[in-house]
1. Identify, from the list A:K324, A:K306, A:K346, the residue that is in a helix (DSSP H, G or I) and within 14 Å of chain B (Cβ to nearest Cβ).
2. If A:A169 satisfies all but one of (1) over 24 Å from A:A26 (Cβ atoms); (2) touching a residue at least 60 places away in the same chain (Cβ under 8 Å); (3) surrounded by fewer than 17 Cβ atoms within 10 Å (Cβ to Cβ); (4) small (G, A, S), what's the number of the condition it fails?
3. Any residue at all in segment A:94-113 that's in the same structural domain as A:G56 (by TED's automatic domain parsing), under 20 Å from the mean Cα position of the chain (by Cα) and either not in a loop (DSSP other than H, G, I, E, B) or not polar (S, T, N, Q) (or both)?
4. When only residues in segment A:265-288 that are assigned to a helix (DSSP H, G or I) and away from chain B (no Cβ under 13 Å) count, which is surrounded by the most Cβ atoms within 10 Å (Cβ to Cβ)?
5. Within segment B:76-88, is there a residue that is surrounded by fewer than 17 Cβ atoms within 10 Å (Cβ to Cβ) and closer than 25 Å to A:M119 by Cβ?
6. Does segment A:504-523 contain at least one residue that is touching a Lys or Arg at 6+ places or on another chain (Cβ under 8 Å), surrounded by fewer than 18 Cβ atoms within 10 Å (Cβ to Cβ) and more than 24 Å from A:A423 (Cβ to Cβ)?
7. Hey, can you tell me all the residues within segment A:119-146 that are within 25 Å of the chain's Cα centre (by Cα) and away from chain B (no Cβ under 11 Å)?
8. Quick one: how many residues across segment A:486-509 are closer than 20 Å to A:V538 by Cβ and either small (G, A, S) or not in a helix (DSSP H, G or I) (or both)?
Amino acid sequence: MRAVDAIMECLKAEGVEVVFGLPGGANLPTYDAFVDAGIRHVLVRHEAGGGHAAEGYAKATGRVGVAFATSGPGATNIVTPIVDAMMDSVPTVFITGQVRTDLIGTDGFQETDTLGITMPVVKHSFQIRSPLEIPRAIHEAFHIARSGRPGPVVVDIPVDLSRAEISYAPVTDIHLPGYQPNTDGNTKQIRQAAKAMASARRPVIYAGGGVINANASQELTEFATSDRFPVTCTLMGLGAFPAPHPQWLGMLGMHGTRTANYAMDEADLICCIGARFDDRITGKLSEFAPHAKFIHIDIDPAEISKTIPAHIPIVGDCRNVLTKLIKEYRLLEGVDPSRTDEWWQKIRGWQDKYPLAYTDSTDAEIKPQFMMQALYEATGGDAIVTSDVGQHQMWAAQHYHFSEPRRWINSGGLGTMGFGLPAALGAQVGCPDATVVCIAGDGSIQMNIQELATCAEDKIPVKVFIMNNGYLGMVRQWQELFWDKRYSHVDMGSYPDFVKLAEAYGATGMRFTDKATLVDDMKAALATDGPVVVDVRVTREENTYPMIAPGQAAREMVG
Amino acid sequence: MGEPGTKELLSLDELEATANAHSGRKHILSILVENKAGVLTRIAGLFARRGYNIDTLTVGPTEDEQYSRITLTFDGAMHSVDQVTKQLHKLINVLKIRDLEPADTVARELALFKVAVEGAQRAEVMQISEIFRGKVVDVTRRSVIVEITGTTDKIEAFERMVRPFGLIEMMRTGEIAISRGRGET
């Protein structure tokens, strides 16, 4: 068969049900194969949209997301999603077209060194040099993308090779001698961790996206509740532990709760599970958690002791390790549950003193925090929520309580504006029966708004709620706080008219301005068939608090 | 402190961190990689983006044509060898990394020195070369080229000796290294 038909067979063998992409000259043969392949293809309007849709699909379903692009500009357009998937460990495979082999290196039309450009930002990549390599490369790409610490894999296929005749047999004997992720976790270390947790008087569990990637939320909850361990999650980990819950401290980090950050600051033992001590978590590194010892559980050995030296390092899959940790903890004798009483008193004190509060308006004006609470109420807390990047993202993380994993889909590591809408599209394709909501800013929505056409055409009924303050709000906030209110290019003005724009794209447009009817209005939007874009007018100059200023320590939190 | 094998709980005070200490000395990493296109770029790129400085780097075939050997030296005072090794291990094409212990390692490099000498000075340089067990591989009326093999220290010592005569050019291969004894590197 043609190599491109073999590609389709590979995808089917890997269980791929949908591909997001856009055809072009260098992947014409591949697109010809789609005609008969029986694999769903969602035609996006921009390759970046396709890449983020693949990420949204992967994050919502836990399966590998797949995006196709042509050579040159097609490939460079998916670089941002590739980096995004690398930073947030999203299992994804990107298959790019390349110019014919005899043109490679000659600056041919739509030629770019895709492998070279993406090399620093992929988990792995393959440049196909013979058509016979194609099936194995694709199967290996899926294996690498989904195993170990998940991530993006690029397969770059020259157009002439993709037309070659090859014989295809599914590759089942994948053996990569240089890639053997350690998933079990060292039993002695796990036992040591159990003992340390049993001895700690001021313990905190700090969980991240690794718990969600490993499908270990249940195990996390079981471990946390096997004693009364306080739990905080990173932005990427929200939903790994059910919020609200009596042991839930809220998110930690730059815009986390004071309780979570103060608890980290005063803890004597921090058990980090599937997180990586990012600078948005630690603040000033030298003053981070000064009294704590660290247990660090991660599938990626390079994350352990990268920034914070671990006292008990455990390399393994979070689910395997937590399962063993629960067992080891139960076997311990002489554990005194009352040892954390004083700690809990202190935590309750912070929770009472520093709830996530804001001053509500006294008229019809919608405060952004109110908008998030209204959305939580209107969706019954039951939606898959994607977000863009900025103030709205932080308010969503603070005020929408995620009780289950894979409900909160956002761009954490890279902070990609324009992620939300295509990610929602991908999530909705993966979870057709779920309510999928995209929370966007008026700035970020415009970075991939063309995907509204994809939603309308393919009847993908995402509900987009734009928190419209007419600003690049987070940048405005930083200029206000750290640049003496010298506002530089953050005022977005009053265009476009999102209601008209939605209609032009074939979606339903709505505009909400009244706090009193907001919840009911939102319910009406959610009940509307097809894609909906809601322009929610909120307070223009509201800041996201609380906040650890960049480079400061947790105890210096403001707001 | 509660040993892993016992039931006794442990005291947090006794826990010690496996810190990313900087060793402060030169490290020679011997890296076995798949002999595939782009592997060297992946390694060099990793060093560049993580901000690690490579002092020397050599690549060559091994006894098995499927694999190549990269010998790389860097300063352990500037970077944690632990972190460098772990990051290298994340590359799919990297099979094995050895941080070679200086005492258990034979390390050599080759250097070529082009020295501007004539007359009596030529004899002097040739004499020095002999002491260093070097070989004169080219002579012209106004220059000699000397080939020296040895440890980095030896080559640097020779350089100090001949520089005053007028060193036109020096070329060095960078070190290759192999572990002593019967076992594989």
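The values are calculated or read from the model by the stated rules, or taken from the named source; none is laboratory data. These numbers were taken from a predicted model, which means no experiment stands behind them. Every residue, glycine as well, gets a Cβ built from its backbone with ideal geometry; the counts of neighbours run over all protein chains shown.
1. Details: A:K306 fails: in a helix (DSSP H, G or I); A:K346 fails: within 14 Å of chain B (Cβ to nearest Cβ).
The conditions single out A:K324.
2. (2)
3. Restricting attention to segment A:94-113, the residues satisfying the condition of being in the same structural domain as A:G56 (by TED's automatic domain parsing) are A:94-113.
Subsequent filtering for residues that are under 20 Å from the mean Cα position of the chain (by Cα) retains A:94.
From the residues that got through so far, the ones that are either not in a loop (DSSP other than H, G, I, E, B) or not polar (S, T, N, Q) (or both) too are A:94.
Checked segment A:94-113: at least one residue is in the same structural domain as A:G56 (by TED's automatic domain parsing), under 20 Å from the mean Cα position of the chain (by Cα) and either not in a loop (DSSP other than H, G, I, E, B) or not polar (S, T, N, Q) (or both).
4. So in segment A:265-288, the residues assigned to a helix (DSSP H, G or I) come out as A:265-266, A:279-282, A:285-287.
Checking which are away from chain B (no Cβ under 13 Å) leaves us with A:265-266, A:279-282, A:286-287.
Details: A:D265: 21, A:E266: 19, A:D279: 14, A:R280: 18, A:I281: 28, A:T282: 21, A:S286: 8, A:E287: 14.
Looking at the filtered set, the residue picked out is A:I281.
5. Yes, that holds for at least one residue.
6. Within segment A:504-523, one or more residues are touching a Lys or Arg at 6+ places or on another chain (Cβ under 8 Å), surrounded by fewer than 18 Cβ atoms within 10 Å (Cβ to Cβ) and more than 24 Å from A:A423 (Cβ to Cβ).
7. Listed by number, the residues that qualify are A:I138, A:H139, A:F142, A:A145, A:R146.
8. 11
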